[in-house]
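Peer 1: Structure incoming, see below.
Read the figures in this text as sums done on the coordinates, not as results from a lab. Note that this is a predicted model, so its numbers are computed, not measured. Note that each Cβ is placed from the backbone with ideal geometry, even for glycine, and that neighbours are counted across all protein chains shown.
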Amino acid sequence: MSKAGGRGLLLARRLYTSRTLGLALGLLCVGVAMYPLDPAPWVWGLSFA
């Protein structure tokens with residue numbers, strides 16, 4: 001039974017890593033697109049919170 005739990009943990013770790021990288025890349029794209037618009041500081045804070 002412990003072997004199956006180990007494989008599940010490995011899958012969860014792989015999924016977590018790819019989701020984290022995707023979120024960071026998306027955040028970078030949104031930031032680059034918003035930068036030329038020169039939004040107010042509260043908009044930056046709201047978008048990254």
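Peer 1: Kindly provide the pair-distance distribution of the chain built from C-alpha pairs, with 10 Å bins from 0 and whole-percent values in order of increasing distance.
Peer 2: Over the chain, the share of Cα pairs per 10 Å bin runs 22, 31, 20, 16, 9, 2 percent.
Peer 1: Between L27 and L46, what is the spin-label point distance in nm, taking each point 7 Å from the Cα along the Cα→C-beta axis?
Peer 2: A separation of 1.9 nm, rounded to one decimal place.
Peer 1: Still on this structure, I have one more. Which distance in nm do the two modelled labels at L11 and Y35 give, with both placed 7 Å along the Cα-to-Cβ direction?
Peer 2: Placing both labels 7 Å along Cα→Cβ, they lie 3.9 nm apart.
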